[in-house]
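What follows is a short report on a single structure.
The values are calculated or read from the model by the stated rules, or taken from the named source; none is laboratory data. Small disclaimer: the values here were computed from a predicted structure and weren't measured. Cβ coordinates were reconstructed from backbone atoms using ideal geometry, including for glycine residues, and neighbour counts include every protein chain displayed. For accessibility, only protein heavy atoms count, side chains too; no ligands or nucleic acids. Shrake-Rupley method; radii C 1.70, N 1.55, O 1.52, S 1.80 Å.
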Amino acid sequence: MDTKPWRERVHQEDELLEQLQAQVSQAAKRRAAALAEGVAELGSVYKVAKDLGKSWTAIDQAIKKNGPARTDPTTA
């Protein structure tokens, strides 16, 4: 049985981890956008959280961390 050298295996796994991290980041952004759409539809983070059976803080943090950048209308 041919086993690849450990350095090559580590390099391959590093590449895979980078790809997976990029996919996770993209999924988190899409999820945050969907959550923000839910807030717009239902009217509040609390209502979205209740509908999904999650805590409102988890929903709020997901939107703040991964959602689209907010522009402050008072500074624009």
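A few notes on this one:
- Enumeration of residues in segment 18-59 that are more than 16 Å from the chain's Cα centre (by Cα) and loosely packed, with under 11 Cβ neighbours inside 10 Å: A40, E41, G43, G53
- Pairs, first without any contact (Cβ under 8 Å) to a residue 12 or more places away in the chain in segment 24-41, second charged (D, E, K, R) and open to solvent by less than 40 Å² (accessible area, probe 1.4 Å), C-beta under 6 Å, six or more apart: none
- Where a residue in segment 51-64 is within 18 Å of Q26 (Cα to Cα) and its partner, wherever it lies, is open to solvent by 100 Å² or more (accessible area, probe 1.4 Å), with Cβ under 8 Å and at least six apart: A62/R31
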